[in-house]
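Written below as structure tokens is the structure these notes are about.
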Amino acid sequence: MSVIFSAHRCTWCGDCVGVCPFGLIRLEGERLLIEEGCNFCGACVEVCAPGALALPEEEAPAARPETPPDGVWVFAEQRLGKLAPVSLELLGEARRLAEVLGVPVAAALLGREVAHLAPALSAGGAHKVYLAEHPALAHFTEAAYAAALTELARRFRPEIILAGATYLGRAFIPQVAAALKTGLTADCTAFAIAPGPRLLLQTRPAFGGNIMATIITPRTYPQMATARPGVFKPLPAPPEAAGEVIRVDLDLPEAAGRCRFVRTVEEIRERVPLAEAEVIVAGGRGLKDAKHFRLLEELADALGGAVGATRAAVDAGWISYAHQIGQTGKTVAPRLYIAAGISGASQHLVGMQSSDFIVAINRDPEAPIFQVADVGLVGDLFEIIPALIQEIRKGRG
Ligand SMILES: Cc1cc2nc3c(=O)[nH]c(=O)nc-3n(C[C@H](O)[C@H](O)[C@H](O)COP(=O)(O)OP(=O)(O)OC[C@H]3O[C@@H](n4cnc5c(N)ncnc54)[C@H](O)[C@@H]3O)c2cc1C
């Protein structure tokens with residue numbers, strides 16, 4: 001089955017070619033070729049002025065809803081009154097998308113006594129902050145947060161909602177999407193806007209990470225997606241960073257759903273957590289043994305950083321999964337990333353290549369990690385790392 005093409009109506013303008021998000025349409029002289037793989041998003045049909053293209057009846061939406069008025073939203077995640085860094089990262093990305101669409105950016109801020117976070121959201125690029133304070137939102141519970149965000153989205157009708165793929169986002173954002181009867185793409189690593197139909201192109205790894213899939217939500221609003229922390233960078237504050245704060249009263253039950261808040265237990269962390277570390281020293285199979293991770297810990301301690309690892313090192317049982325960086329581990333973007341004995345497989349690179357400065361230590365000069373490194377040290381890590389530690393300690397007296 002394919003899009004229905006009426007050659008007698010076609011003016012061969014080629015507008016449909018450029019608008020197909022998947023590049024499936026080609027124009028060869030006076031022949032229009034539509035390759036297999038169409039998911040009937042309707043972008044070509046919409047742009048075709050002479051009406052030469054149509055969706056097959058069973059694929060045609062009853063009526064495409066009109067574009068909602070309220071632009072791009074970011075769920076402003078906070079815990080204990082502190083903004084999660086992913087909120088500002090997503091605001092940066094939302095600004096980029098909103099500029100293409102010509103719409104405003106808004107943040108949805110839920111909690112109790114969280115109004116003090118609104119200026120940071122404005123500085124991050126939110127033209128509007130929807131502030132919903134309610135006793136039921138004092139501590140995170142899926143049902144209360146889902147009810148609140150669903151209600152806000154119903155009232156103000158955003159075109160797009162982005163949220164962090166954090167424990168919290170993963171827990172309740174699917175409930176919001178289900179309540180709004182729309183789609184949701186989880187764990188995205190890139191976004192773009194398809195010209196013409198204003199579709200959000202949501203890219204994420206699929207099939208165990210072996211391909212990157214671009215997913216669209218062509219028939220329902222809002223278009224919803226989550227993205228992993230660390231994938232996007234916050235942008236510097238825009239010149240006119242005074243967003244409007246819109247207080248919204250919500251009628252929420254005191255205790256909604258099956259979960260009940262009991263108490264907060266602060267996690268005890270001995271080392272700097274990977275996602276927040278400004279310096280990461282990561283090791284791979286080149287370390288050869290679990291005991292050699294001690295060397296990386298020493299270097300990380302000297303630099304005030306954290307220790308990361310490749311999946312090869314984790315699978316070998318040398319270090320726990322919590323340290324794994326990459327497609328099936330954590331995504332990080334520290335100021336300094338030192339990769340020791342790591343070859344640079346694409347699945348590892350995807351989790352660390354947005355680091356500000358990358359130093360690679362590998363004895364194989366052809367190792368792919370050198371292609372993303374700012375500084376490459378070709379040599380034996382067991383000689384280079386002790387020398388580095390010594391130099392750093394000497395430098396610090
Ligand atoms: C679906 C899928 C998901 C995956 N997810 C992840 C993921 O999240 N994270 C991840 O990291 N991988 C992931 N992988 C695995 C990935 O493909 C690679 O196998 C892995 O990253 C390789 O780890 P490595 O670089 O430690 O090992 P290797 O590729 O074996 O590289 C070891 C490197 O150490 C160097 N070396 C050896 N001895 C020394 C020495 N003495 N001094 C200096 N250098 C030395 C070698 O030259 C070599 O380049 C995934 C794979 C798949 C299929």
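Restrict the check to segment 174-196 and report whether at least one residue is at pLDDT 95 or above and in contact with a His (Cβ under 9 Å, 6 or more places away or on another chain).
No: zero hits.
For every residue, the table says whether it meets (1) surrounded by fewer than 16 Cβ atoms within 10 Å (Cβ to Cβ); (2) over 26 Å from Arg155 (Cα atoms); (3) touching a strand residue (DSSP E or B) at 6+ places or on another chain (Cβ under 6 Å).
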{"site": "Ile173", "(1), (2), (3)": "no, no, yes"}
{"site": "Ala177", "(1), (2), (3)": "no, no, yes"}
{"site": "Ala186", "(1), (2), (3)": "no, no, yes"}
{"site": "Ala190", "(1), (2), (3)": "yes, yes, yes"}
{"site": "Lys233", "(1), (2), (3)": "yes, yes, no"}
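Report yes if Asp380 is within 19 Å of Trp318 (Cβ to Cβ), within 9 Å of the ligand (Cβ to nearest atom) and open to solvent by 10 Å² or more (accessible area, probe 1.4 Å), otherwise no.
Taking the combined requirement at face value, the residue satisfies it.
With respect to Ala373, is the statement that it is within 13 Å of the ligand (Cβ to nearest atom), under 16 Å from Val281 (Cβ atoms), in contact with a helix residue (DSSP H, G or I) (Cβ under 6 Å, 6 or more places away or on another chain) and of a type in the set (A, V, I, L, M, F, W, C) true?
no
If you scan segment 270-326, which residues turn out to be more than 16 Å from the ligand (Cβ to nearest atom), under 22 Å from the mean Cα position of the chain (by Cα) and open to solvent by less than 40 Å² (accessible area, probe 1.4 Å)?
Pro273, Ala277, Val279
Okay, residues lined up against (1) under 20 Å from the mean Cα position of the chain (by Cα); (2) without any contact (Cβ under 8 Å) to a residue 24 or more places away in the chain:
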position	(1), (2)
Val45	no, no
Ala49	no, no
Glu57	no, yes
Pro68	no, no
Leu80	no, no
Leu83	yes, no
Val100	yes, no
Arg112	no, no
Val129	no, no
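Suppose we keep only residues that are open to solvent by 10 Å² or more (accessible area, probe 1.4 Å) and near the ligand (Cβ under 7 Å from one of its atoms) within segment 360-370. Which one would you say is nearest to Ala227 (Cα to Cα)?
Selected residue: Asn362.
With respect to the numbered conditions (1) in contact (Cβ under 8 Å) with a residue 12 or more places away in the chain; (2) within 9 Å of the ligand (Cβ to nearest atom), which one is the sole condition not fulfilled by Phe357?
(2)
Which of the residues belonging to segment 195-222 are over 30 Å from Pro69 (Cβ atoms) and open to solvent by less than 50 Å² (accessible area, probe 1.4 Å)? I'd like the intermediate steps shown before the answer.
Going residue by residue through segment 195-222, those that are over 30 Å from Pro69 (Cβ atoms) are 205-212.
Once the filter is applied, which keeps residues that are over 30 Å from Pro69 (Cβ atoms) and open to solvent by less than 50 Å² (accessible area, probe 1.4 Å), segment 195-222 yields Pro205, Ala206, Gly209.
Is it the case that Glu93 is closer than 18 Å to Ala227 by Cβ, open to solvent by 20 Å² or more (accessible area, probe 1.4 Å) and in contact with a Lys or Arg (Cβ under 9 Å, 6 or more places away or on another chain)?
On the way: closer than 18 Å to Ala227 by Cβ: yes; open to solvent by 20 Å² or more (accessible area, probe 1.4 Å): no; in contact with a Lys or Arg (Cβ under 9 Å, 6 or more places away or on another chain): yes.
Against the criterion (closer than 18 Å to Ala227 by Cβ, open to solvent by 20 Å² or more (accessible area, probe 1.4 Å) and in contact with a Lys or Arg (Cβ under 9 Å, 6 or more places away or on another chain)), Glu93 does not qualify.
Quick one: count up the residues across segment 337-354 that are at positive phi and surrounded by 24 or more Cβ atoms within 10 Å (Cβ to Cβ).
So the answer is 1.
The values are calculated or read from the model by the stated rules, or taken from the named source; none is laboratory data. Everything numeric in this text was worked out from a predicted model, so none of it was measured. Note that each Cβ is placed from the backbone with ideal geometry, even for glycine, and that neighbours are counted across all protein chains shown. Surface accessibility is based on the protein's heavy atoms, side chains included, excluding ligands, DNA and RNA. Shrake-Rupley method; radii C 1.70, N 1.55, O 1.52, S 1.80 Å.
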